[in-house]
Every structure is written in C-alpha cells, then in structure tokens.
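Here is the structure we will look at, set down as structure tokens.
The values are calculated or read from the model by the stated rules, or taken from the named source; none is laboratory data. Keep in mind it's a predicted model, so treat the numbers as computed, not measured. Note that we place each Cβ from the backbone using ideal geometry, even for glycine, and neighbour counts take in every protein chain shown.
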Amino acid sequence: MANLNWDSRIGRRVRLRDLHILFAVVQHGSMAKAGAHLGMSQSAVSQAIAALEHALQVPVLDRTSRGVEPTMYGTALMRRGQVAFDELRSGIKDIEFLTDPEVGEVRVACTEAAAAGLLPPVIECFSLRYPKVSLNIIQTSTNLVGLAALHERNADLVLTHLSPTFEGDLTEHSEVLFHDRICLVAARQGSWARRRKLGLADLADAVLILPPSHTPGCAAIAEAFRAAGLPMPRITVTTLSVALRNMLSMRDRFISALPVSILRFNPDLYSVKELPLEFPMPPWPTLLVTLKNRTLSPPVERFIECVREISGTMAITSPLQKSKRLRARETV
C-alpha cells in the first residue's frame with residue numbers, strides 16, 4: 001500500500017521544479033516576487049504550489065497580510081528537499097569531474113585564524129595540482145554559528161579551532177589536524193622584538209591587543225599572569241578579528257595575541273615576530289569537519305589530501321623551547 005501511495009501520489013506528481021518554486025516563494029516572501037525571479041507568471045507559480053499541496057494533501061504555505069510563510073509541513077519538506085537538491089548538485093559535479101578529472105568546485109568554510117594561517121599554503125598546493133578546480137572560501141565564526149555552513153549545505157568542509165561553544169554539538173565527522181597555541185607577537189623590526197630578555201612584568205605598560213576573554217588564547221594569557229603573581233595588563237583593543245590584530249601588530253607600538261599556526265605556515269608573509277614568552281594551555285585542536293554519511297566529491301577529497309599534507313608540517317615549538325635547545329647544543 002505504501003509503495004502504491006508513493007507511486008500514485010508522490011513519485012509521479014511531486015517534481016523537482018515544484019520544489020524549486022517553493023524555495024523561491026519562501027525566499028522572496030510572495031508568489032509575484034518569486035515569479036519575477038524565476039521568469040514565470042504569478043499564476044504559474046500559484047498553480048505549481050497548488051499542485052504540490054494537492055499531491056501531498058497538506059498545505060505548504062500560509063497566506064498572511066505580510067506575504068507567504070511556510071507551514072510546518074512546508075518547512076519539513078524544504079529541510080529534506082534542500083538535502084535532495086544538494087545531493088543532485090553533487091552528482092552533477094561528480095559527472096563533470098568524471099568527464100574532466102581536473103574540473104570541479106570545493107566550498108570551504110573557515111574561521112579567520114584558518115584563513116590567515118593554514119589555508120594560504122593549502123590553496124597554493126591545491127591550485128598548483130588542480131588549476132581548473134574553483135575554490136569558494138566562506139568565512140565563518142564557529143564561536144557564533146557553530147557548523148551552520150555544513151548543516152545548511154553551503155560548504156563541503158569546515159576548518160576551525162575546536163570551540164567550547166559547539167564542542168557538545170560536534171556530531172559530524174571531525175578530524176584533528178594539529179594542536180595550536182597562542183603567542184604574543186610584535187613588529188619584526190620594532191623595539192619589542194629587539195629585546196633579548198623579556199618577561200611578563202615587562203608588559204605592564206604594553207599596548208595589548210587580545211581576543212575576548214572567553215577564548216582559550218586570552219584565558220591562557222590571563223592564567224600566565226595570575227600564576228606569576230602579576231596583575232593582568234590593561235587591554236587596549238579586544239577583537240576576534242585576526243586580520244586587525246595582525247595588521248596592528250606590524251606597527252611598533254602594539255603587542256598582539258595570535259595563534260602560532262599563522263606564523264608557522266606563513267613564515268615570510270607577516271612582518272611580525274613571536275616574543276619569547278610562553279603561555280601553557282590545554283591542547284587547542286584545529287579541526288577538519290565534514291558531514292557524516294555524505295559522499296564527498298573527488299575534488300573535495302583531493303583538497304582534503306592537501307590539507308592533511310600541509311598540516312603534517314606543523315610543529316608547535318615556542319621560542320623558549322628553541323633557546324633551550326640552542327643552549328643545550330652549545331654545552332655539548
């Protein structure tokens with residue numbers, strides 16, 4: 001009976017075109033605007049929605065004075081329909097790749113830290129090997145929106161530090177690429193970088209730029225001052241923007257906190273130097289996250305291969321550890 005019901009009511013009557021029209025109506029808030037966007041008459045849009053409701057035997061839209069809104073049935077259909085469209089789009093991309101193994105698209109959602117650190121050498125590596133594959137980079141803040149880019153099918157993968165705000169919801173397939181840490185940096189040719197000896201007490205009057213207090217990096221810096229029995233210096237600028245912290249730290253006055261991976265992956269790109277200060281912190285994983293049970297396209301799989309290859313070169317060593325090694329060598 002269920003098979004007959006599917007064949008007669010759903011399989012033959014619900015068309016992808018009708019679902020596409022439903023998405024357009026909800027997006028634009030009216031049938032007239034959806035029709036204009038799709039190049040259809042309002043009457044044709046209305047007929048398609050009516051046919052969809054007749055096939056499903058439930059209303060998919062509520063008509064209100066403010067326009068149209070999806071019913072709970074329409075919302076459920078759109079949620080599942082989005083997955084169907086995404087899989088169909090991926091299937092077409094797979095066909096393109098099979099026709100020409102060097103074409104395709106990779107959609108990467110990443111945090112600012114990943115965009116400034118890991119991503120540039122990965123893109124360089126990947127684009128040299130697969131020059132015809134296009135990359136769509138979507139900047140996201142997993143602290144604020146979690147893995148929305150994955151769940152909404154706007155990205156094939158996410159590169160991010162593990163954030164306490166979404167750690168409990170990390171139900172997708174995740175892979176630890178490397179462990180990062182926070183460091184303080186200053187202009188490479190500036191007065192702070194030229195100091196041979198530098199301690200936390202010397203930062204009492206520094207012009208500091210830090211991320212917000214709830215972030216692991218800022219917490220590690222605050223804990224270091226507390227453990228040393230020193231008051232936390234006044235923070236001049238508080239920002240999550242890695243780009244702003246990076247640009248200001250290239251100026252002589254400022255000292256900024258950055259993930260050390262930014263410097264390790266791009267040693268000659270930024271005119272800043274890590275200061276010889278250590279901030280012990282728990283492991284701070286950098287993750288590659290993809291949707292569970294989703295087949296990745298060949299270009300995405302090859303992009304992930306480059307991510308793993310570049311991540312494997314990461315070695316988190318502090319300036320203090322380097323100086324200890326040098327002293328040990330000199331005494332041998």
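Okay, here's what the table says:
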| quantity | calculated |
| --- | --- |
| Qualifying residue in region 146-160 (condition: touching a strand residue (DSSP E or B) at 6+ places or on another chain (Cβ under 7 Å), under 22 Å from residue 253 (Cα atoms), surrounded by 13 or more Cβ atoms within 10 Å (Cβ to Cβ) and of a type in the set (Gly, Ala, Ser)) | no |
| So residue 78, is it out of contact with any Lys or Arg (no Cβ under 6 Å at 6 or more places or on another chain) and either under 24 Å from residue 149 (Cβ atoms) or charged (D, E, K, R) (or both) | yes |
| Residues of region 18-62 satisfying the condition of being among the small types (Gly, Ala, Ser) and part of a helix (DSSP H, G or I) | 24, 32, 34, 35, 36, 43, 44, 46, 48, 50, 51, 55 |
| Those helices (runs of 4 or more DSSP H) lying entirely in region 82-153 with at least 1 residues at pLDDT 80 or above, among the hydroxyl-bearing types (Ser, Thr, Tyr) and touching a Lys or Arg at 6+ places or on another chain (Cβ under 7 Å) | none |
| Single unsatisfied condition, residue 193 versus (1) within 14 Å of the chain's Cα centre (by Cα); (2) touching a residue at least 60 places away in the same chain (Cβ under 8 Å) | (1) |
| Residue among 250, 314, 232, 281 that is in contact with a Ser or Thr (Cβ under 7 Å, 6 or more places away or on another chain), under 22 Å from residue 202 (Cα atoms) and either at pLDDT 90 or above or surrounded by 12 or more Cβ atoms within 10 Å (Cβ to Cβ) (or both) | 250 |
| Checking residue 174 against (1) within 25 Å of residue 313 (Cβ to Cβ); (2) in the same structural domain as residue 257 (by TED's automatic domain parsing); (3) among the hydroxyl-bearing types (Ser, Thr, Tyr), the condition it does not meet | (2) |
